[in-house]
Amino acid sequence: MSADIAKLESIAKQVRRDIVRMVHSCQSGHPGGSLGCADFFVALYFHQLNHRPSFSLDGIGEDLFFLSNGHISPVFYSTLARSGYFDASELATFRKIESRLQGHPTTHEHLPGIRVASGSLGQGLSVAIGAARAKKLNGDDKLVYVLMGDGELQEGQVWEAAMYAPHNKVDNLIATIDRNGQQIDGATDQVLSLGNLKAKWEAFGWDVLETNGNNMQMLSDTLAEAKSRTGNGKPIMILMKTEMGNGVDFMMGSHKWHGVAPNDEQLAAALSQLEETLGDY
Amino acid sequence: MKKYTYTEKKDTRSGFGAGLHEVGQKNGNVVALCADLVGSLKMDAFIKEFPERFFQIGIAEANMMGIAAGLTIGGKIPYTGTFANFSTGRVYDQIRQSIAYSGKNVKICASHAGLTLGEDGATHQILEDIGLMKMLPGMTVINPCDYNQTKAATIAIADYEGPVYLRFGRPVVPIFTSPDQKFEIGKAWLVNEGADVSIFATGHLVWEAIQAGEKLAELGIDAEIINIHTIKPLDEEAILKSVAKTGCVVTAEEHNRIGGLGDSVAQVLAKNNPAPQEYVAVNDSFGESGTPAQLMTKYGLDAEHIVGAVQKVIKRK
């Protein structure tokens with residue numbers, strides 16, 4: 001089934017509105033990476049993923065998604081709400097006391113759609129591998145997806161997992177790296193170079209695809225291509241180039257909006273660039 | 001003093017291996033993971049019978065903890081196996097976030113705990129693991145005392161939903177508990193009824209406490225000995241009931257005196273019924289190379305030191 005690109009783009013606009021409004025409301029959180037990955041989340045949850053918003057933690061018979069770079073929780077929460085896991089009005093509680101929408105995603109408050117806590121970086125790929133192996137043991141032919149940040153690749157555990165998955169032919173797994181080239185202290189190339197990621201992941205034995213994470217058509221095509229390559233003895237890696245802050249001109253392309261909330265004026269400026277397509281929460 | 005004898009000695013890690021094999025037969029959801037220490041963890045029987053339910057991770061403990069967390073999603077009950085040092089300190093954040101905070105049903109099975117690992121020395125002799133694990137909300141911490149108890153605990157934890165730290169060791173030690181015991185998580189075992197002092201012991205120190213009890217009896221001291229195999233959740237009722245009778249306490253464990261069983265007992269007493277307490281534990285130091293027996297003597301963890309601690313604490317009553 002081919003994707004309705006215009007519809008996905010329209011949903012992504014609302015998700016971006018949600019992100020900046022959530023982060024503004026609590027005056028904390030991570031808008032930059034969230035905005036950059038909005039198209040990916042929408043393409044995944046509104047087209048690619050075979051999932052049930054009624055939610056069961058075990059997710060038997062459905063595709064699973066894990067967010068390893070948990071700090072981009074705003075885009076995750078908005079996507080889950082907009083796809084029916086919980087009411088969008090709950091987005092207003094993000095990072096506030098007694099909320100299920102913790103600063104970083106957690107199972108602890110039983111928010112539908114979350115299957116493991118993340119925030120401390122580098123752990124999601126291992127968890128996704130475990131879930132993928134459980135699916136195989138259960139004779140469940142659905143897939144496991146995981147998203148990581150690129151700065152996160154500086155964590156050693158990622159490379160333990162990178163070695164494990166091809167050796168054990170975990171081929172029901174599609175990992176994606178958000179290659180925005182930014183981390184808290186600056187450009188990844190300045191902080192600690194990641195080098196040639198395609199060559200690195202291929203050398204580890206992964207089937208590597210590259211895409212533009214802010215082009216809905218390309219993204220949808222890549223996700224479909226990735227799915228078609230599963231079951232061939234190799235885990236799949238999508239290197240997804242995105243722009244941090246994408247969709248809001250003054251937030252784009254800089255690490256400065258990694259973890260900073262907009263003030264009232266900046267919120268108004270951001271919202272004027274983002275059409276309200278599904279109704280604000 | 002009730003008489004305890006033994007006809008055989010075995011390592012507690014072999015109790016784990018036997019328990020893992022048996023629970024694997026009973027429960028098809030049990031899976032096992034190992035970080036390149038299959039022989040040391042005695043996992044061979046499980047692997048031979050259930051190769052498809054065994055995951056060799058390689059020397060990558062962080063990845064092992066993450067994979068174990070993921071395996072629970074879909075209903076598996078993962079048992080991870082490596083040395084206690086690599087099961088805890090090395091992977092504390094992975095356990096904290098992906099297992100404990102995430103409420104995952106992972107059984108962290110840790111061999112070669114404490115000084116009795118022996119000749120490998122302090123790099124491998126973790127004496128802080130009980131403290132690290134008991135501080136994690138929702139984590140159950142178990143340190144069985146012999147082969148049979150370790151086997152029974154290994155089987156029992158599969159039926160408990162939630163993360164568990166199961167700690168055992170390398171040395172060959174007397175088997176003095178029943179082979180058909182029912183292991184109840186959080187329920188202390190009254191080894192010997194006594195009136196003069198309460199000795200709360202865990203792991204390898206339980207046998208030492210029994211030896212001490214016999215010596216104390218010769219000295220006219222009637223020691224109550226209680227095996228606290230579950231350090232968390234702690235059997236507070238059993239502790240308070242015993243201390244109400246005896247009025248003084250010795251705790252005995254193969255662990256740093258900071259953060260182990262002794263501190264857990266002290267906290268219960270301070271809150272409910274303050275009583276003199278002596279610690280038989282490692283005095284806030286690292287270990288060193290040596291035979292297990294040499295180390296237990298040098299670091300003050302044998303029956304003789306328990307006797308000394310009892311004599312000291314009784315005077316403080």
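Every read-out reported here was derived from the displayed coordinates using simple, explicitly stated rules and does not represent laboratory data. Because the structure is a prediction, the values reported are computed rather than measured. Note: ideal-geometry Cβ built from the backbone for every residue, glycine included; neighbour counts use all protein chains shown.
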From Cα coordinates alone, what are the radius of gyration and Dmax values for the protein assembly as shown in angstrom?
27.1, 89
Give or take rounding to whole Å, what are the principal axis extents of the alpha carbon atoms in chain B, in descending order?
57, 39, 37
Convert each backbone phi in segment B:83-92 into a coupling constant with the Karplus relation 6.51 cos²θ - 1.76 cosθ + 1.60 (shift: θ = phi - 60°), then list the ³J(HN,Hα) values in order as whole Hz, x for Gly and Pro.
5, 4, 4, 7, 8, 10, x, 5, 10, 4
How large is the helix-only mean residue ellipticity at 222 nm for the protein assembly as shown, computed as the sum of -39500 (n - 2.57) over DSSP H runs with n ≥ 4, divided by its residue count, in deg cm²/dmol to the nearest 500?
-10500 deg cm²/dmol
Where does segment B:176-248 land on Rg/Rh, using Cα atoms and the Kirkwood Rh?
0.97
Which angle from 0 to 90°, rounded to the nearest 10, does the C-alpha axis of helix B:261-272 make with the longest principal axis of chain B?
60
Label A:L192 and A:E109 with points 7 Å out from Cα along Cα→Cβ: what is the distance between them in nm?
3.0
Straight-distance crosslink candidates among lysines, where the alpha carbon sits under 22 Å from A:K256 and sequence neighbours closer than 8 are dropped:
A:K13, A:K241
Could you tell me what % of all Cα pairs in segment B:1-145 have separations over 28 Å?
17
What does the convex hull of the alpha-carbon atoms of segment A:235-281 project to on average, in nm²?
5.3
Charge sum, other residues only, whose C-beta stays under 9 Å from A:K234's C-beta, Lys/Arg counted +1 and Asp/Glu -1
0
Can you pull the one-decimal nm distance between simple spin-label points at B:K312 and A:M252, each 7 Å off the Cα toward Cβ?
7.2
Taking chain A as the reference, fit the longest principal axis to its C-alpha atoms, fit the long axis of helix A:124-137 to the helix C-alpha atoms, and give the angle between the two in degrees, 0 to 90, nearest 10.
50
Return the subset of A:K200/B:K48; A:K227/B:K48; B:K42/B:K298; B:K271/B:K312; A:K142/A:K200 for which the Cα-Cα distance in this structure is over 31 Å, preserving the input order.
A:K200/B:K48; A:K227/B:K48
Relative contact order for segment A:152-281 using alpha-carbon pairs under 8 Å, separation at least 6, rounded to a whole percent?
29
Under a GNM of chain A (C-alpha, springs under 10 Å), which listed residue has the highest mean-square fluctuation: A:N69, A:N196, A:N214?
A:N196
Using alpha carbons only, how many degrees (0 to 90, rounded to 10) separate the axis of helix B:12-26 from the longest principal axis of chain B?
50
Alpha carbons only, please: Rg and Dmax for segment A:10-148, in angstrom.
14.2, 45
In nm, what is the difference between 0.36 nm times the number of residues separating B:S289 and B:A244 and their Cα-Cα distance?
12.1 nm
Each label point is 7 Å from the Cα along the Cα-to-Cβ direction; what then is the distance between the points at A:I5 and B:K2, in nm?
7.7
Environment charge of A:I5, counting only residues whose C-beta is closer than 11 Å and scoring Lys/Arg +1, Asp/Glu -1:
-3
Just how large is the dipole of segment B:189-315 about the Cα centre, in debye to the nearest 20, putting +1 at every Lys and Arg Cβ and -1 at every Asp and Glu Cβ?
300
Charge sum, other residues only, whose C-beta stays under 13 Å from B:V172's C-beta, Lys/Arg counted +1 and Asp/Glu -1:
+2
For segment A:153-158, take each phi angle, set θ = phi - 60°, evaluate the Karplus expression 6.51 cos²θ - 1.76 cosθ + 1.60, and give the result in whole Hz per residue in order, putting x for glycine and proline.
5, 6, 6, x, 4, 4
Positive end of the dipole of the protein assembly as shown, charges at C-beta (+1 Lys, Arg; -1 Asp, Glu), about the Cα centre: which of A:L125, B:Y147, A:M244 has its Cα farthest in that direction?
B:Y147
In debye to the nearest 20, how big a dipole does the protein assembly as shown give about its Cα centre with +1 on each Lys and Arg Cβ and -1 on each Asp and Glu Cβ?
760
